[in-house]
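Asker: The structure is given below, and queries will be raised subsequently.
The values are calculated or read from the model by the stated rules, or taken from the named source; none is laboratory data. In this text, all values refer to a predicted model and were calculated from it rather than measured experimentally. Positions of Cβ are backbone-derived with ideal geometry, glycine not excepted, and every protein chain shown enters the neighbour counts.
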Amino acid sequence: MKYQKSMMKIMEHLLNYPEQEFTLETLIKKIHTGRNTSFAAFQWLEQRGLITIKDVGRQKMARLRLSNESLQYKYFLDSLTMKALPAKTRLIVLYISYQLTKLQGIKAALLFGSALKSETYNDIDILLIGREHQQEKELQVLREQIDAVFDIPLNIHYATEEPLKLFEGMVIYLSSYFPFTTKLKQQYEEYVEWTYSATLQQKDKQFVQEAFGKALINLAFCHALLEEKERITKGEAVQHFLKSYKAGSWRTIKEAGVALGTKIYR
């Protein structure tokens, strides 16, 4: 594609300021691209309806044209940002987005706040766009799961369905996203459910012990599947797992869960 570097830099800058307009000369200086290729890129983007350019006196002003086509480019940039997150953060965020595929009425979800900007943070903030009130019970369970399994609070915020809300953070889920369900994710999800259930029934020592055993087996099969050992018994899977991970307490189980989860949710 011609003018690719200039085109990408123009779009990236305008996506950071979706409601602002800039003179072409100002934009060229900000993105540090060649003048001739930049003007050709401006023309290419305008012809395809991704940006609008208008004359204001002797100057030409450019701004983002808000549309599904221009938003596709934002989603691409957000996917690159997702891949650059610290491994544990990416695991938690991708697990959340996977669970959101099971709920009705949520159009999109965004990550914002300190977890997006720093490797050190005290909680995770998610913005949900468009949702139905009957999902509150399921969302509360998701909050509790993240806190119980990953030891980090999850704050869920809500917004009305407006296109500009998609610029308030990194998009981590769209209602049209395909969930990519796998045996690995099914085993990992069961591990999360057993770990969470154990925190709800801490006084029932027998249940907690049973949940520990089930969580161990789920992680053992995750470990085996990651190493492409699909034809393996439960006992063999656990034995193989214990050669690589400690699993004598809930603390070490959860540490192993994070280590394996970062390999599954990449």
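Asker: Of all residues in the range 142-170, which are at pLDDT below 95 and part of a helix (DSSP H, G or I)?
Answerer: Matches in the range 142-170: Pro163, Leu164, Lys165, Leu166, Phe167.
Asker: Can I ask one more? Name every residue in the range 1-17 that is of a type in the set (Lys, Arg) and either outside any helix (DSSP H, G or I) or closer than 25 Å to Glu162 by Cβ (or both), in order of residue number. It would help to see each step written out before you state the result.
Answerer: To start, the set of residues in the range 1-17 that are of a type in the set (Lys, Arg) comprises 2, 5, 9.
Passing the criteria: only Lys2.
Asker: Can Ile156 be described as in contact with a Leu (Cβ under 9 Å, 6 or more places away or on another chain) and either without any contact (Cβ under 8 Å) to a residue 12 or more places away in the chain or surrounded by 14 or more Cβ atoms within 10 Å (Cβ to Cβ) (or both)? Explain how you work it out, then say what you get.
Answerer: Working: in contact with a Leu (Cβ under 9 Å, 6 or more places away or on another chain): yes; either without any contact (Cβ under 8 Å) to a residue 12 or more places away in the chain or surrounded by 14 or more Cβ atoms within 10 Å (Cβ to Cβ) (or both): yes.
So Ile156 fits the description; yes.
Asker: Let me ask something additional. So Gln140 fits all but one of (1) more than 27 Å from Leu66 (Cβ to Cβ); (2) in contact (Cβ under 8 Å) with a residue 60 or more places away in the chain; (3) not charged (D, E, K, R); what number is the exception?
Answerer: Tallying (1) more than 27 Å from Leu66 (Cβ to Cβ); (2) in contact (Cβ under 8 Å) with a residue 60 or more places away in the chain; (3) not charged (D, E, K, R), Gln140 fails exactly one: (2).
Asker: Let me ask another. Considering only the range 201-215, state which residues are without any contact (Cβ under 8 Å) to a residue 40 or more places away in the chain and either basic (Lys, Arg) or surrounded by fewer than 21 Cβ atoms within 10 Å (Cβ to Cβ) (or both).
Answerer: Those that are without any contact (Cβ under 8 Å) to a residue 40 or more places away in the chain and either basic (Lys, Arg) or surrounded by fewer than 21 Cβ atoms within 10 Å (Cβ to Cβ) (or both): Gln201, Gln202, Lys203, Asp204, Lys205, Gln206, Phe207, Val208, Gln209, Glu210, Gly213, Lys214.
Asker: Take the residues in the range 105-121 that are part of a loop (DSSP other than H, G, I, E, B) and touching a helix residue (DSSP H, G or I) at 6+ places or on another chain (Cβ under 7 Å), then tell me which one is nearest to Lys185 (Cα to Cα).
Answerer: The first filter runs over the range 105-121 and keeps only residues part of a loop (DSSP other than H, G, I, E, B), leaving 105-107, 113, 118-121.
After this cut, where a residue has to be touching a helix residue (DSSP H, G or I) at 6+ places or on another chain (Cβ under 7 Å) as well, the list is 105-106, 121.
On the way: Gly105: 23, Ile106: 21, Tyr121: 26 Å.
Once the filter is applied, the top-ranked residue is Ile106.
Asker: Looking only at residues in the range 18-41 that are hydroxyl-bearing (Ser, Thr, Tyr) and not in a loop (DSSP other than H, G, I, E, B), which one is nearest to Leu66 (Cα to Cα)? Write out each step before concluding.
Answerer: Keep residues of the range 18-41 that are hydroxyl-bearing (Ser, Thr, Tyr), which gives 23, 26, 33, 37-38.
Adding the requirement that they be not in a loop (DSSP other than H, G, I, E, B) leaves 23, 26, 37-38.
Values: Thr23: 18, Thr26: 21, Thr37: 24, Ser38: 21 Å.
Residue satisfying both the conditions and the ranking: Thr23.
Asker: May I pose another question? Considering only residues that are hydroxyl-bearing (Ser, Thr, Tyr), over 15 Å from Ala211 (Cβ atoms) and more than 15 Å from the chain's Cα centre (by Cα), look in the range 174-194 and name the one that is modelled with the highest pLDDT.
Answerer: So in the range 174-194, the residues hydroxyl-bearing (Ser, Thr, Tyr) come out as 175-177, 181-182, 188, 191.
Within this subset, residues satisfying the condition of being over 15 Å from Ala211 (Cβ atoms) are 175-177, 181-182, 188.
If we keep only those that are more than 15 Å from the chain's Cα centre (by Cα) too, we end up with 181-182, 188.
On the way: Thr181: 71, Thr182: 82, Tyr188: 97.
So, considering only residues that are hydroxyl-bearing (Ser, Thr, Tyr), over 15 Å from Ala211 (Cβ atoms) and more than 15 Å from the chain's Cα centre (by Cα), the one modelled with the highest pLDDT is Tyr188.
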